[in-house]
1. For I221, state whether it is in contact (Cβ under 8 Å) with a residue 24 or more places away in the chain, of a type in the set (V, I, T) and crowded, with 24+ Cβ neighbours inside 10 Å.
2. For the subset of segment 225-237 comprising residues that are under 25 Å from the mean Cα position of the chain (by Cα) and in contact (Cβ under 8 Å) with a residue 40 or more places away in the chain, which member is farthest from I68 (Cα to Cα)?
3. Among the listed residues P79, P40, identify the single one that is surrounded by fewer than 20 Cβ atoms within 10 Å (Cβ to Cβ) and either within 20 Å of S348 (Cα to Cα) or hydroxyl-bearing (S, T, Y) (or both).
4. Kindly indicate the residue of segment 43-69 that is within 21 Å of F391 (Cβ to Cβ), surrounded by 13 or more Cβ atoms within 10 Å (Cβ to Cβ) and of a type outside the set (S, T, Y) and also farthest from the chain's Cα centre (by Cα) among those meeting that condition.
5. Of everything in segment 132-161, what is under 19 Å from the mean Cα position of the chain (by Cα) and within 17 Å of T211 (Cβ to Cβ)? Give them in sequence order.
6. Give the residues of segment 352-372 that are without any contact (Cβ under 8 Å) to a residue 12 or more places away in the chain and either over 24 Å from N38 (Cα atoms) or part of a strand (DSSP E or B) (or both), sorted by residue number.
7. In segment 240-266, what count of residues is obtained for those that are closer than 26 Å to H223 by Cα and of a type in the set (S, T, N, Q)?
8. Grab the strands (runs of 3 or more DSSP E) fully contained in segment 104-169, keeping just those with 1 or more residues being within 19 Å of G58 (Cβ to Cβ).
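The values are calculated or read from the model by the stated rules, or taken from the named source; none is laboratory data. Just so it is clear, the model here is predicted, and its values are computed rather than measured. Cβ: placed from backbone, ideal geometry, glycine included. Neighbour counts: every protein chain shown.
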Amino acid sequence: MFESFKNHLSPYINDWDAFFSAISVRTERSFRLTKSRNIPYENERYDKITDSITFQTGGAYIMNPSSILPAEILASHMPAEPLILDLSAAPGGKTCALSDLVARGGLIVANEPSPARLKALHFNLERCGAWNTKTLSHDGRSLSRFYSGVFDGVLLDAPCSHENQIATNPKIASQWSPAYVQELAKLQSQLILSAYDCLKEGGVLVYSTCTFSVEENERIIRHLLDSREDAELIKLEHQFSRGISGDDTVDECVLRILPHLQADNMHDGFFVAAISKGELSLNGRAAPAPTPQDKIVDEFFTTLPPHILKDVNGQVYIESTVPLRGDFRRTGMVFGKRAKRDTFELSSQALWEFGALTHAELRQEVSESIAHDYLKGFDTPLTNEYNRKLFFYNGIPVGVTKIVDNMHKNKLDRYFLYGKTIEW
C-alpha cells in the first residue's frame, strides 16, 4: 500500500524520504484554551491536561494547531455578529474554536449527518459552553436547498482520506487507495458547491482537509472556481507552504502544511483555502440590545451577554439572539432547571461558561482535592469554611451545589460523568 501511496503523491513532493519520515512520527499533543470566558486558567498547574480542572470544565480542548487554522482564518474574515455554518462539524473542535473566536457573538449552525458523531458534537458543545450554536443533521450536499444565500461564513472541513495519519494509523492505511481518493474527491466536489451556495453575497467559505492528495485539495478549489463565476480566491498570508498542484492561480493563494518542512513537531499535515462570494464584505449585524435580565439571572450574575432564555418543561436553555429557522437537533446550552417551590438550579456548565460574571458573595474557593471530588460527582460536607454554593478553585469555576442537611449536594449534570444524553 505504501508503494502505491508513494507513486500517487511523490510527483508533488520534492523530498519523499524526508516527507514520509515526518508523517511517520506522531505529533506532540496540543490544546486550545477557551479565551472568551475570561477565566484565569493559567492559575492551574497540572501534569496531564486531561486530569486538570481546566480541561474537565471545558476550558481546554485537545487539538493540533493545524486544526485551529481554518477556524482562525474564517473568524478573521467575519463581520460583527456573524451567521456561520460549520457544514461537517463533528466532533466539534473547530465549532468550539469558532464560537470562542467570535466571542460567542452571532450564531453558528453546526451540521453533522452521522447520528453517532452528532452525539460527540453535542457533548463537546455543551462542555465547552458554545451556547451561540444550533445543530442540524443533514447530508451537507442538500443544505443549500434550505439555506441558499444565508450565511456570512461557511466552514467546510471536508471528509477526507486522512493521509496525514497514513503512516501511524493502521485503519487509515488499510482503507487508502487511489480509488478511495477519487471517491472522496467526488463527495468533496459536491459538498463545496453546496457550502458555497449557502453563502450570502460577500460571504467567505473556508475549505480544509487533513490530507495531501491534490485531488482532494487544489483540484476541489479549481472545481469551485470553474463552477461558480463569482467565486474569488482569497490569498492567505501565512508562514506555511503554498499549493503543490501546478495550477498557479490556486497554488499562490492556498495554505499547505507539509510536516517535513516544519521546524517543530507540532503541526499535522493540512490544507486550507478561503473563497469569497463576489467582493468581500464585512458588513455585519448591529450588536444585539442588552437583554432584560430574568430574575434567575440576577440571582447568580452581575450581568450576561445578550441572550435568550428558553424554558422547555422546566429545563432552561441559553441561546443566541440571532433568529434562524430549521429542524434543529440542539439549540444553545443548558442553563439550569426550575425546581420545586419556584426555585432555580443553575447548571454547572453555565457556571463554567459565565463564572467570571457571578456575584462575589456566592463564590466559594475550595481546595484542589474538593474540586476534583466535585468533578467526580461527590457531595461535600457543609462547614464554616465551605458555606457558599458556587465552587471555584484558584478562580476557575468548578460547579454548583445545593445546600441540604449540612451537605453541599453535588449538582453536576451526570451527562458529564456517564455520557447520558441530555434531553433537548
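1. Values: in contact (Cβ under 8 Å) with a residue 24 or more places away in the chain: yes; of a type in the set (V, I, T): yes; crowded, with 24+ Cβ neighbours inside 10 Å: yes.
It is true that I221 is in contact (Cβ under 8 Å) with a residue 24 or more places away in the chain, of a type in the set (V, I, T) and crowded, with 24+ Cβ neighbours inside 10 Å.
2. For segment 225-237, the residue satisfying everything is L233.
3. None of the others qualify; the one that does is P40.
4. E44
5. Matches in segment 132-161: L155, L156, D157, A158, P159, C160.
6. Within segment 352-372, no residue meets the criteria.
7. Of the residues in segment 240-266, 3 are closer than 26 Å to H223 by Cα and of a type in the set (S, T, N, Q).
8. Values: elements: 107-111, 133-136, 151-157.
By residue number, 107-111, 133-136.
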